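These notes are about the structure you will find just below.
The values are calculated or read from the model by the stated rules, or taken from the named source; none is laboratory data. Small disclaimer: the values here were computed from a predicted structure and weren't measured. Note that each Cβ is placed from the backbone with ideal geometry, even for glycine, and that neighbours are counted across all protein chains shown. Remember, those area values only see protein heavy atoms, side chains included, never the ligands or the DNA or RNA. Shrake-Rupley method; radii C 1.70, N 1.55, O 1.52, S 1.80 Å.
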Amino acid sequence: MLKGKTVLITGATRGIGKNMAEAFAKEGANIVLNYRGEEPLELAKEIEAFGVSCLLVKADVSNFSECETMISKAVETFKTVDVLINNAGITKDGLIMRMSEDDFSDVLDINLKGVFNTIRHASKIMLKQKSGAIINISSVVGIMGNAGQANYVASKAGVIGLTKTVARELGSRGITCNAIAPGFIETDMTDVLKDEVKQIMLNQIPLNRFGACEDISETAIFLAKSKYITGQTINVCGGMLMN
Ligand code: NAP
């Protein structure tokens, strides 16, 4: 069902994004792989080894016009964007009393405005073709709150509101928009946390393990294939948050 479809994934050089690029390629989808640093040529080769095409597009998701160019390049190459996955994200943690204005803005610009930027441009082509799936990576902390992450939590809560609004605006045109809220997933982002913090998190997870990138990828594939789910946030967190 995803064979020959075009899947654009932001921030796909590492962690969850990279894993999703590989997982969707295994399903036979062509990949538009967004990066912001050095061109990930080896990764593109790995993805093409699954027998699909991989277009590398450099863009900082916080930049509106770079996102416009990214979507245009995807459409030039593959004629369409069937699935848009907003995955790029950063953290700049600190207690609110000490958080700088820049640290607040930088996280909001990438994690929330970045999601607006890609949807703003990709929705044009999806509206034209009257189909599409948008999947935004939020976080359970966007629902629960988390001390030391005011900027990150605000951005991820914003992503959930944005997801619901886009679902309402574009639903009548056959476009779904959903969010995934991961819990604690083992990537570079969580690797920096102290062991004591990791243990506290683990104690809150009924399934008694941290999540793997694959846990997020399989949910993204499920959502990309789903026709009657929209405006939802799926918690993929080992039961850390139940609602
Ligand atoms: P990660 O390993 O730190 O990877 C983040 C990716 O985003 C990297 O590829 C990075 O590119 C890219 N990126 C950052 N800023 C960008 C920008 N301005 N433009 C384009 N790409 C950008 O993080 P991860 O753990 O895989 O997280 C992926 C997503 O899941 C994020 O949205 C994160 O908030 C969310 N999430 C993660 C967890 C978790 O436990 N890991 C939990 C909840 C939610 P570079 O390689 O150039 O830095």
- Message: Considering only residues that are surrounded by fewer than 24 Cβ atoms within 10 Å (Cβ to Cβ) and within 11 Å of the ligand (Cβ to nearest atom), which ones fall in region 113-139?
- Response: K113
- Note on the structure: Quick count over region 76-127, residues being within 20 Å of A157 (Cβ to Cβ) and aromatic (F, W, Y), is 2
- Task: Within region 42-50, identify whether any single residue is open to solvent by less than 10 Å² (accessible area, probe 1.4 Å), more than 20 Å from A212 (Cβ to Cβ) and touching a helix residue (DSSP H, G or I) at 6+ places or on another chain (Cβ under 6 Å), and answer yes or no.
- Result: no
- Here is a list of conditions, (1) more than 12 Å from the ligand (Cβ to nearest atom); (2) part of a loop (DSSP other than H, G, I, E, B), and I205 meets all of them except one; can you say which number that is? (1)
- Contact list, first residue from region 8-27 and under 18 Å from N63 (Cα atoms), second anywhere and assigned to a helix (DSSP H, G or I) and open to solvent by 10 Å² or more (accessible area, probe 1.4 Å), beta-carbon distance below 6 Å, six or more apart or interchain, is A12/K18
- Task: Would you check if there is a residue in region 216-232 being within 19 Å of G145 (Cα to Cα) and buried (at least 16 other Cβ atoms within 10 Å of the Cβ)?
- Result: yes
- Task: Determine if region 161-178 includes at least one residue that is open to solvent by less than 20 Å² (accessible area, probe 1.4 Å) and within 12 Å of the ligand (Cβ to nearest atom).
- Result: no
- Task: Return the total of residues in region 193-243 being hydroxyl-bearing (S, T, Y) and farther than 22 Å from G15 by Cα.
- Result: 3
- Quick one: T13 ticks every box in (1) open to solvent by 40 Å² or more (accessible area, probe 1.4 Å); (2) β-branched (V, I, T); (3) assigned to a helix (DSSP H, G or I) bar one, so which box is it? (3)
- Task: Please verify whether region 48-69 includes one or more residues that are among the hydroxyl-bearing types (S, T, Y), under 26 Å from V166 (Cα atoms) and without any contact (Cβ under 8 Å) to a residue 24 or more places away in the chain.
- Result: yes
- Query: Do we find that V75 is out of contact with any strand residue (DSSP E or B) (no Cβ under 8 Å at 6 or more places or on another chain) and either in a loop (DSSP other than H, G, I, E, B) or surrounded by 17 or more Cβ atoms within 10 Å (Cβ to Cβ) (or both) in this structure?
  - Reply: yes
- Task: Under 8 Å between Cβ atoms, at least 6 apart or on separate chains: pull out the pairs that start in region 86-112 with a residue that is in contact (Cβ under 8 Å) with a residue 12 or more places away in the chain and assigned to a helix (DSSP H, G or I) and end on any residue that is within 12 Å of the ligand (Cβ to nearest atom) and of a type in the set (V, I, T).
- Result: D106/I90; V107/I90; V107/T91; I110/V61; I110/I90; N111/I90; N111/V159; L112/V159
